[in-house]
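First comes the structure, then the notes that go with it.
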Amino acid sequence: MNATRALLKSSSSTRWLARQSRDPFVKSRGGAYRARSAFKLKDLAGKYPILGRRVVDLGAAPGGWSQVAAEKQRQFRGKGVVVAVDLLPMEAMPGVEVVTGDFFDTGVQSRGASSTAEMADTGLADCVLSDMMASMSGIRDRDVAASLDLVSAATWLAHQVLRSKDDDLKFFMHPELVDFRKKQLEPYFFKVVTDKPASSRKESAEAYWVCLGYKGGWVPEEV
Ligand SMILES: C[S@@+](CC[C@H](N)C(=O)[O-])C[C@H]1O[C@@H](n2cnc3c(N)ncnc32)[C@H](O)[C@@H]1O
């Protein structure tokens, strides 16, 4: 990644973090969570059984989703794990292993995947969450390409770490992107739904893909 791209990414992410700390929605709910996004994940996790024992959280800073995923871990009595990956450093929290770095870096990808495998007693991940957001340059084609790169990278990791088992549903969740068609996810999951959480800003077009029940069957493309 060149220096300009790194700077653009970090400055946009830093602005986003600053906005979270001022968000009246977050403050009005007692400030228990680091970001409004926590409420979005809580809303969706209340509707779908998405949070399992081994969770990978991509684009995790400042940590709202990781907080929600870690709360769920309590029921697994110390046997659960949340691996949180972000470009930006994230304040530590109990039950969460933080991996800091660019997810396009293969070293960062394998640290995320191996942490999940090593810290859990068996298997890899039950759930891959991705809330990675590309910094917006204002140049549409470039912004769409950057977002597509992120969803492709997150989907790739989901194929690496999810394992299909009839009795144990596996999940993948990512912000919806029209250009990356739902059809590209549907062959690998029993159900793919698009949902907008109640806590998402009404004026925002954001919605998430919630992919339920990993089927496997993915074959990497030859290069
Ligand atoms: C919407 S925020 C995530 C909020 C988070 N889910 C929460 O609940 O606190 C998007 C995050 O994606 C991260 N991100 C964007 N591109 C990334 C990349 N290539 N690798 C890792 N993280 C990335 C940003 O640094 C930013 O923290």
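Couplings for the stretch 57-68, taken from phi via the Karplus curve 6.51 cos²θ - 1.76 cosθ + 1.60 with θ = phi - 60°, read 10, 9, x, 8, 6, x, x, x, 5, 4, 4, 5 Hz in order; Gly and Pro are left as x. Per-residue 3J(HN,Hα) values for the stretch 186-202, derived from phi via the Karplus relation 6.51 cos²θ - 1.76 cosθ + 1.60 with θ = phi - 60°, read 4, x, 9, 10, 5, 8, 10, 10, 9, 9, 10, x, 4, 7, 6, 4, 4 Hz in sequence order (x marks Gly and Pro).
Each residue of the stretch 98-115 was assigned a 3J(HN,Hα) from its phi angle through the Karplus expression (A = 6.51, B = -1.76, C = 1.60, θ = phi - 60°), giving 9, 10, 9, x, 7, 5, 6, 7, 4, x, 5, 4, 6, 5, x, 5, 6, 4 Hz with x at Gly and Pro. The residues of the stretch 46-129 expose on average 42 square angstrom of accessible surface per residue, using a 1.4 Å probe on protein heavy atoms.
Which of rounded, prolate, oblate describes the stretch 78-223, given a ≥ b ≥ c as roots of the alpha-carbon gyration tensor eigenvalues and a/c under 1.5 marking rounded, otherwise prolate only if a/b is larger than b/c?
Because its axes are fairly even, with a/c under 1.5, the stretch 78-223 counts as rounded.
Each semi-axis of the equivalent ellipsoid for the stretch 59-133 is √(5λ) with λ an eigenvalue of the Cα gyration tensor; in descending order they amount to 19, 15, 10 Å. In a DSSP loop and with at most 11 other Cβ atoms within 10 Å, the GluC sites (Glu not before Pro) in the stretch 183-223 are Glu203, Glu221, Glu222.
If R0 is 41 Å, the Cβ-Cβ spacing of Asp179 and Ala92 corresponds to a FRET efficiency of close to 0.70.
For Val81, the residues 5 or more places off, or on other chains, whose built amide H falls under 5 Å of its own are Arg54, Val55.
If R0 is taken as 30 Å, the Cβ-Cβ distance between Glu206 and Phe104 corresponds to a FRET efficiency of 0.85.
The values are calculated or read from the model by the stated rules, or taken from the named source; none is laboratory data. What you see is a predicted model; the values in this text were computed from it and never measured. Methodologically, a virtual Cβ is constructed for each residue, glycine included, from the backbone with ideal geometry; neighbour enumeration extends over all protein chains shown. Ligands, DNA and RNA are excluded from the accessible area calculation, which covers all protein heavy atoms including side chains. Shrake-Rupley method; radii C 1.70, N 1.55, O 1.52, S 1.80 Å.
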